[in-house]
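Heads up, the thing below is written out as structure tokens.
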Amino acid sequence: MKKNIDLKLNTAEKAILKSQKIKINTLAGYAPDEIAAILKASPQRTIEIAALMEFQSIPSLGINFATELIEQGYYSLKQLESKDPVELYNAFERHCGAWADPCVEDSYRLLTHYIVHRDNSKRWWHFTAERKAYRAQHGFPADRPKRPWYDSEQYPKMKQYADGLDKDTATV
């Protein structure tokens, strides 16, 4: 398991851990019911924390990817067994209403590979060539969102950067 897993703990949860002298990085060693008792967490919050830990245990998959899976209704690797990475990625883009960075598709390929093989040696970038070959042959679905991820409200700094590039390349 990774050393640093982000559990998106709020201030109250961090204070509880501090008062009980429990370090955040040791929570992975506790069962979900123990975490619920320690944090006085609701059943839903306990499920979310367990999901964040499980998803981030996969090498090179971080908090953003784990959060995206939860936002789509996935809370365990078991729920994702036998899922196709292309379908997961396409569903993610539809969910977001924007096309995503290609590395996100590579991450879905890593996720499904890990579920089947439990291979800790692979990282998302090991699936780039596979993704490129697949997309060269099959392309993208006709209903793929037209807006790029960096134009969404979720990435205001990227939008400012892109707008700056547009001004630099504009003809006068």
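Please treat every number below as a calculation from the coordinates, not as lab data. Here the structure is a predicted model, which means the values were calculated and not measured. Neighbour counts run over all protein chains shown; Cβ positions are idealised from the backbone, glycine included.
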Under 5 Å, built H, 5+ apart or other chain: amide partners of W99: R147, W149
Between segment 111-156 and segment 1-33, the Cα center-to-center distance that results, in Å: 30
For the chain, the longest site-free run once GluC sites (Glu not before Pro) in DSSP loop states with at most 16 other Cβ atoms within 10 Å are removed: 1-80
Restraint check, K78/K132; K14/K78; K8/K78; K78/K122; K18/K40, Cα-Cα greater than 25 Å: K78/K132; K14/K78
Hypothetical label at H138: residues of segment 97-121 whose amide nitrogen lies under 12 Å (7 Å Cα-Cβ projection): 109
Helix-only [θ]222 nm of the chain, DSSP H runs n ≥ 4, -39500 (n - 2.57) each, per residue, nearest 500: -17000 deg cm²/dmol
Base-10 log of normalised Debye intensity for segment 18-118 (one unit scatterer per alpha-carbon) at q = 0.14 Å⁻¹: -0.58
Linear extension gain, E87 paired with D163, 0.36 nm per residue minus alpha-carbon span: 24.2 nm
C103/K23 FRET efficiency (R0 35 Å; Cβ-Cβ; nearest 0.05): 0.70
Scaled radius of gyration (Cα, divided by 2.2 N^0.38 Å) that the chain gives: 1.21
Backbone N within segment 26-50 under 19 Å of label point (7 Å from N10 Cα along the Cβ vector): 35-50
